[in-house]
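One structure is given below, encoded as structure tokens.
The values are calculated or read from the model by the stated rules, or taken from the named source; none is laboratory data. Everything numeric in this text was worked out from a predicted model, so none of it was measured. Cβ: placed from backbone, ideal geometry, glycine included. Neighbour counts: every protein chain shown.
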Amino acid sequence: MHQPHAEPRRSIYYPYQVFDAWLPPTNHHTDASAPVVIAGAGPIGLVTALELARHGVRCVVLESERQVSEGSRAIVFTRRSMEILQQVGVAQRVSQNGLPWRFGNSFYKGQRVFRMEAPHDADDRFFPMINLQQQYLEEYLVDAANAQPLIDLRWGNRVTGLAQTASGATLTVDTPAGPYTLPTQWLVAADGARSGLRSLLDLKLEGSSYEGKFVIADIRIDLPLPTERLAFFDPAWNPGNTVLMHREPHGIWRIDYQLPPNETPEQALAPESMAKRINAQLAAIGHGDTPWEMDWSSVYSARTLTLPDYRCGRVLFVGDAAHLLPIFGVRGANTGFQDAQALAWRLAFVVNGTAPERLLATYSQERVAAAREIIDEAGKSTRFMTPPTRGFRLLRDAVLSLSLTQPFVGPLYHWRTSRPHEYTHSALNATGDDTLLFQAGPGHGAPPQNVQLGPDNHLLDHVGHHLTLLYFTADAALPQGLQAEVAAWRARGVPLNVLAINGNTATPVAGADATLPDAAGRVRQRYGVRTGGAAYLLRPDQHVCARWMALDATRLHAALKTVTGQATPGAQA
């Protein structure tokens, strides 16, 4: 029988709660089926569940532990992640408790040799990055899941077996009271870097693992430093290696320091070793006498790995179960949120019968391509942080030396921050629209651009989990043909929302679900809309799949067939 830890984890700042284990009924060994089962109640699994619930899909979430994750783990969440978290209802709590920031600094021999500045303006609801320990984010997501009647969250339930057919899967789930079986149509593997489901299916990750290892240490200390990323290259106390520092809420600082070759994790995590190195880093920044207290530590090695396909029969992979990415550039959880959002709407469409099963193939195609793009970017950062060969180290050392006197090499320190993938070549993009005629605005596959409409009012506040038609017009009503087309798709069960962008007045546009005034023309400018009308079609994950200078019912019908997977593959929609 599975016996997860029943004692609260130790922390000097976070009060862990142990949840009651879900136990199977005593009179039978098979639980009622659910359309979707999600293995793993970390941030990615919970975001997937919440997104499915927004589409009306019931799911069971199985978590082998009885409490949220140990240690701060993922701490930096990007603007795009916050936009996704806004959709599932927890962004406000993250904003209230996190530490926003936008600058990163690289130091060599006591001199700042590069300063990164992430763009930020009034149109952005969220800062480029915000720091918050993962336990808090999981807590907020758990609260949201518990408030959602379509989500059945089961603590202390571990998947130990899996059998698949062409139409579903049956799981063997172990609990403190013994095992039971759970049938489902679809299983989402969100069970992390050591995915048990990946092992059960004997699936192998492809890519590279780097030799460089880092200790991650969270300490409580009072440092008069801003919330900015600090990177120290080749410090005197750790020659040839790299040290990173981040401020976290509640007086906690994250210190990541690279280990010399051949040092084991056990040696690295010995208290005397950690104390010596942390004290050396604090002394290097002028705070060697400042008292501190250890909260949590771990050892990390950089890996750039992905499954070649995120679907295996009735199992779909998200987050670290699908790919392992370096922490440099805050790519892990932030990439996983995009997986969750990209998968959930497709899976909901399939479960609800509004799209064919082949729509799921586009999830894997898009997100594997995204992972490979991230791996390419992250590999550059990783090779600079942890040179894998003598040649790379010579190059890195040359950059370090030149940076003291030559500003032009500074950008080579750039850590290539995680950014949302643009599905430029997605099979879901319209083939007969006017995208090539636009001189500005988000193109095919790009995430939307937020625009401030007024105090505490932004464009993306009005874009929900539906397909969304942004319709720019000065007319009093949508054309009758468009209204009829929208109604026809809704009658087929496809969630489609129409937002009219009216430049002159707040008077509602007939046929639209809402009308957003754009008297100053800010939305038109950001979306490259010139005089006259235009339209954008956003997928449920908000990425652009079509845009037109002029839209009629026939063109909208073709784009909707394509994005819902109903067009003949490889043919014009």
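Yes or no: Arg229 over 30 Å from Asn352 (Cα atoms), modelled with pLDDT of 95 or more, outside the structural domain of Pro128 (by TED's automatic domain parsing) and basic (Lys, Arg)?
Spelling it out, it is not the case that Arg229 is over 30 Å from Asn352 (Cα atoms), modelled with pLDDT of 95 or more, outside the structural domain of Pro128 (by TED's automatic domain parsing) and basic (Lys, Arg).
Determine, yes or no, whether Thr362 is part of a helix (DSSP H, G or I) and over 13 Å from the mean Cα position of the chain (by Cα).
Yes: the conditions hold for Thr362.
Determine if the stretch 143-164 includes at least one residue that is touching a residue at least 40 places away in the same chain (Cβ under 8 Å) and of a type in the set (Lys, Arg).
yes
Applying the selection to the stretch 535-573, what residues are at positive phi and modelled with pLDDT of 95 or more?
Scanning the stretch 535-573 gives Gln542, Gly565.
When you scan the stretch 519-549, how many residues do you find that are under 28 Å from the mean Cα position of the chain (by Cα), more than 15 Å from Gln439 (Cβ to Cβ) and of a type in the set (Gly, Ala, Ser)?
The qualifying residues number 2.
Where in the stretch 60-116 are there strands (runs of 3 or more DSSP E), lying fully within it, with 2 or more residues that are aliphatic (A, V, I, L, M) and over 17 Å from Arg331 (Cα atoms)?
In the stretch 60-116, there are no strands (runs of 3 or more DSSP E) which contain 2 or more residues that are aliphatic (A, V, I, L, M) and over 17 Å from Arg331 (Cα atoms).
So is Val142 β-branched (Val, Ile, Thr), under 24 Å from Val451 (Cα atoms) and surrounded by 20 or more Cβ atoms within 10 Å (Cβ to Cβ) or not?
no
Residues of the stretch 179-194 being among the aromatic types (Phe, Trp, Tyr) and over 27 Å from Leu324 (Cβ atoms), which ones?
The one that is among the aromatic types (Phe, Trp, Tyr) and over 27 Å from Leu324 (Cβ atoms): Tyr180.
What about Ile44, is it assigned to a loop (DSSP other than H, G, I, E, B), closer than 20 Å to Ala74 by Cβ and of a type in the set (Val, Ile, Thr)?
no
This table checks each residue for (1) among the hydrophobic types (A, V, I, L, M, F, W, C); (2) modelled with pLDDT of 75 or more.
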position: Leu307; (1), (2): yes, yes
position: Arg311; (1), (2): no, yes
position: Val330; (1), (2): yes, no
position: Gly379; (1), (2): no, no
position: Leu402; (1), (2): yes, yes
position: Glu422; (1), (2): no, yes
